[in-house]
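*Asks:* My structure is below; once you've seen it, I'll send some questions.
The values are calculated or read from the model by the stated rules, or taken from the named source; none is laboratory data. Note that the structure is a prediction, hence the values are computed from the model and not measured. Please note: Cβ atoms are built from the backbone with ideal geometry, for glycine as well, and neighbour counts cover all protein chains shown. Surface areas here come from the heavy atoms of the whole protein model, side chains and all, with no ligands, DNA or RNA. Shrake-Rupley method; radii C 1.70, N 1.55, O 1.52, S 1.80 Å.
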Amino acid sequence: AGTAGTAPPPGTAAQSPTPTPGGSAPPAKGAVTVSGEAARGLESPWGLAPLPDGDLLVASRDRGTISRVETRTGKVTPIGEVPGVAPGGEGGLLGLALSPSYASDKLVYAYFTTASDNRIARMLYDERRAPGQQLGAPDTVVRGIPKGLVHNGGRIAFGPDKMLYAGTGETGDRGLAQDRKSLGGKILRMTPDGKPAPGNPDPGSLVYSYGHRNVQGLAWDRDKRLWAAEFGQNTWDELNLIEPGADYGWPEAEGRAGRPGSKDPVAQWRTEDASPSGIAWAEGSVWMAGLRGERLWRIPLAGDRPVAEPEAFLTGTYGRLRTVVALGGDKLLLVTSETDGRGTPQDGDDRILTLTVR
């Protein structure tokens, strides 16, 4: 838990931020330019997956639908509904990811809440069929991830190793985070078929790391290190560097606690300044979307260490921010989340913004 006394700056990096030898450090100060809007008028957008041709797939959490965004025109066309999605609270249709072999297999992966659990399924996306009918029947690869009104996790991403990673939540049942047999409060790592990935800490388990409260951000840096953002309770939100088999401390620790046997975060924030969902890596920094904080955080890194304190951009400009996706180079996509029941939607919400960053 957090310590009493004077509050540090809103975002604080681990002590003595010094670059690792040989690492080229990004500048301490960055910049963000909003270069355009890829889409507007979206309802409860959550997961986002760029297609090879530059268009986008976006998931609606509450409608349970996936739509295609034509980035040249901003036109949004539903491609299909994911059967079995049971929206409620923070649950519904959440993360999206394309198969590493998408060019040949056309498979789209989705993480979603059903009446009984959270699960991951893959569906064939057939562009030759009529709009709204382009998703094939879901093939469930993982079921039995605990569900709740809150803390459903939901981010999925294929790593540099072509394995599928998923961030899950402990559904408000804190004990699940430390229960190695539960899939709640974990980062999971699996083959594209949903089997425990080779090299996992426990060969028979999907669990890659544990002691998490609610992981919704996953990203890899240029050196293939995995970073994860997670919601704190009342005191500290976290950015963690993920090591296989490691315990990230929840519920015994929130933020930097120096607790033997568990990992401290690389950076932490007061919950009112962040409440992080998606993250992406670009231009030497992790970029983290804040929901309650309504801002985009930049955490400049050299190797596995911050080189400066986190820096906030777009504070309050677009409201709640849900998802960040790297497009390569200095380009990012940023999804707003004003229509999720906790925002104050303005005309045009929700949006997918295109950013240029450094």
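*Asks:* Could you sort the peptides 121-127, 352-358, 276-282, 131-137 by per-residue average Cβ neighbour count (10 Å cutoff), highest mean leading?
*Replies:* Ranking, from highest mean packing down: 276-282, 352-358, 121-127, 131-137.
*Asks:* Another question, if that's okay. Work from the charge dipole of the chain (Cβ charges, +1 for Lys and Arg, -1 for Asp and Glu, about the Cα centre) and give the residue of I66, A308, P192 farthest towards its positive end.
*Replies:* In the chain, that residue is P192.
*Asks:* Which whole-Hz ³J(HN,Hα) couplings does region 139-148 yield from phi under the Karplus relation 6.51 cos²θ - 1.76 cosθ + 1.60, θ = phi - 60°, glycine and proline marked x?
*Replies:* Along region 139-148, the couplings run 9, 6, 9, 9, 10, x, 6, x, 10, x Hz.
*Asks:* Continuing with this model, one more query. Cross-link candidates for K186: which lysines have Cα within less than 26 Å, leaving aside residues fewer than 8 places away along the same chain?
*Replies:* By straight Cα distance, K186 reaches K147, K162, K195, K224, K263.
*Asks:* Quick one: which residues, 5 or more positions from T114 or on another chain, have an amide H under 5 Å from its amide H? H modelled 1.01 Å from N in the peptide plane, none for Pro or chain starts.
*Replies:* A86, R119
*Asks:* Under the Karplus relation 6.51 cos²θ - 1.76 cosθ + 1.60, θ = phi - 60°, what is the ordered set of whole-Hz ³J(HN,Hα) values for region 105-121, x standing for Gly and Pro?
*Replies:* 9, 6, 9, 10, 9, 9, 10, 8, 8, 10, 5, 10, 6, 9, 8, 10, 10
*Asks:* For the chain, count all C-alpha to C-alpha pairs, find those more than 30 Å apart, and express that count as a whole percent of the total.
*Replies:* 30 percent
*Asks:* Could I ask something else about it? Which order do the peptides 315-324, 342-351 come out in when sorted by mean C-beta neighbours inside 10 angstrom, highest first?
*Replies:* Ranked by mean Cβ neighbours within 10 Å, highest first: 315-324, 342-351.
*Asks:* Another question about this same structure. Rounded to the nearest percent, how much of the accessible area of region 191-249 (1.4 Å probe, protein heavy atoms only) is carbon and sulfur?
*Replies:* Accessible surface attributable to carbon and sulfur in region 191-249 totals 46 percent.
*Asks:* How big is the dipole moment of region 196-283 about its Cα centre under a simple scheme where the beta carbon of each Lys and Arg is +1, that of each Asp and Glu is -1, and everything else is neutral? Debye, nearest 20, please.
*Replies:* Its charge dipole is roughly 140 debye.
*Asks:* Now for a different question. Taking R0 as 25 Å, what FRET efficiency do you get between D53 and K224 from their Cβ-Cβ distance, rounded to the nearest 0.05?
*Replies:* That pair, D53 with K224, gives E of 0.40.
*Asks:* With the cut-off at 1.5 for a/c, could you classify region 181-271 from its C-alpha gyration tensor as rounded, prolate or oblate?
*Replies:* In terms of gyration-tensor shape, prolate.
*Asks:* For region 334-348, in order, what is each residue's ³J(HN,Hα) by Karplus, 6.51 cos²θ - 1.76 cosθ + 1.60 with θ = phi - 60°, in whole Hz (x at glycine and Pro)?
*Replies:* Karplus-based 3J(HN,Hα) across region 334-348 equals 10, 9, 7, 9, 8, 9, 8, x, 10, x, 10, x, 9, 4, x Hz.
*Asks:* Still on this structure, I have one more. Explain nothing, just the number: dipole magnitude of region 122-219 about its Cα centre with +1 on each Lys and Arg Cβ and -1 on each Asp and Glu Cβ, in debye rounded to the nearest 20.
*Replies:* 80 debye
*Asks:* How much length would be gained if the chain were fully extended between L327 and E43, taking 0.36 nm per residue of separation minus their Cα-Cα distance, in nm to one decimal?
*Replies:* Result for the pair: 100.0 nm of gain on full extension.
*Asks:* Could you give the distance between the Cα centres of region 111-172 and region 236-270, to the whole Å?
*Replies:* 26 Å
*Asks:* Treating the beta-carbon of each Lys and Arg as +1 and of each Asp and Glu as -1, no other charges, what is the dipole magnitude of the chain about its Cα centre, to the nearest 20 debye?
*Replies:* Taking the Cα centre of the chain as origin, the dipole is about 360 debye.
*Asks:* With every protein chain present, what accessible area does V150 have (1.4 Å probe, heavy atoms only), rounded to the nearest 10 Å²?
*Replies:* Here the residue's solvent-accessible area equals roughly 50 Å².
*Asks:* Shifting gears a bit: Can you list residues whose amide H is under 5 Å from V142's amide H, if they're 5+ apart or on another chain and H is modeled 1.01 Å from N?
*Replies:* I120
*Asks:* Cβ under 10 Å from P265's Cβ, P265 left aside: what net charge do those residues give with Lys, Arg +1 and Asp, Glu -1?
*Replies:* -3
*Asks:* Hey, another quick one. How much length, in nm to one decimal, is gained on full extension between K75 and T235, taken as 0.36 nm per residue of separation minus their Cα-Cα distance?
*Replies:* Extra length from K75 to T235 when fully extended: 53.5 nm.
*Asks:* Taking the Cα centroid of region 192-210 and of region 275-291, what is the distance between the two, rounded to the nearest whole Å?
*Replies:* Measuring centre to centre over Cα atoms gives 25 Å.
*Asks:* Moving to a separate point now. At a 1.4 Å probe, what is the % contribution of carbon and sulfur to the accessible area of region 261-358?
*Replies:* Within region 261-358, the accessible surface is 41 percent carbon and sulfur.
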